[in-house]
């Protein structure tokens, strides 16, 4: 499937304001890791604790339609095994843009993703990912994963690594399909790509 960097991602120079925002985001993550509500010490669990914190930080760059969040809550859903341990329990107590996050737990092809606003795909089954992303790609959902190939299948945000650092890649096509309003700052802080799946604006 064709998959390419968006022109805005090529030869970008970040302005001081963007570098400052990136620094604030990084410091926020560090604070979450060393706070009194300590995360597990196991290396893999620590990695997922950081990812959990990053998910909630990234959600602050997203605006959902008012008719979707009328109850002032955001629903978090998980597709695949729960590798976050106790990290999510710690974070769901913290509001996102004044809204309470509620963990609806595991979802899949049988239950669907209706009612979810933030969806993390930990499942590495590409067929399952493709099915759900095609079915819900035009719904106002922030879809995110650390599984390779996620963006090519129509996902919105990918948490990968660039050397020893965590890197964020955003699929502009998926954003356009979802109808979510994403801060320009998030595009500046991320590698931007597009896909050729049907339904995106051209």
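The values are calculated or read from the model by the stated rules, or taken from the named source; none is laboratory data. Since we're looking at a predicted model, the values are computed, not measured. Cβ sites come from the backbone with ideal geometry, for glycine too, and all protein chains shown count toward neighbours.
Every condition in (1) more than 19 Å from residue 65 (Cβ to Cβ); (2) within 16 Å of the chain's Cα centre (by Cα) is met by residue 184 except one, and the failing one is (1).
Residue 38 meets the conditions (1) within 19 Å of residue 161 (Cα to Cα); (2) modelled with pLDDT under 75 in every case but one. The failed one is (1).
Quick check: anything in the range 94-107 under 20 Å from residue 187 (Cα atoms), surrounded by 16 or more Cβ atoms within 10 Å (Cβ to Cβ) and either in contact with a strand residue (DSSP E or B) (Cβ under 7 Å, 6 or more places away or on another chain) or at pLDDT 85 or above (or both)? Yes, the range 94-107 contains at least one residue that is under 20 Å from residue 187 (Cα atoms), surrounded by 16 or more Cβ atoms within 10 Å (Cβ to Cβ) and either in contact with a strand residue (DSSP E or B) (Cβ under 7 Å, 6 or more places away or on another chain) or at pLDDT 85 or above (or both).
Among the residues of the range 78-94, those that are out of contact with any helix residue (DSSP H, G or I) (no Cβ under 7 Å at 6 or more places or on another chain) and in a helix (DSSP H, G or I) comprise 89, 90.
Report whether or not residue 124 is in contact with a strand residue (DSSP E or B) (Cβ under 7 Å, 6 or more places away or on another chain) and surrounded by fewer than 21 Cβ atoms within 10 Å (Cβ to Cβ). Judged against the criteria, residue 124 is not a match. Residues in the range 132-174 that are part of a strand (DSSP E or B), touching a helix residue (DSSP H, G or I) at 6+ places or on another chain (Cβ under 8 Å) and more than 16 Å from residue 76 (Cα to Cα): 159, 166, 168, 170. Given the condition in a helix (DSSP H, G or I), surrounded by 13 or more Cβ atoms within 10 Å (Cβ to Cβ), at pLDDT 85 or above and within 11 Å of the chain's Cα centre (by Cα), answer yes or no: does some residue in the range 62-77 qualify? Looking for residues that are in a helix (DSSP H, G or I), surrounded by 13 or more Cβ atoms within 10 Å (Cβ to Cβ), at pLDDT 85 or above and within 11 Å of the chain's Cα centre (by Cα), one finds none in the range 62-77, hence no.
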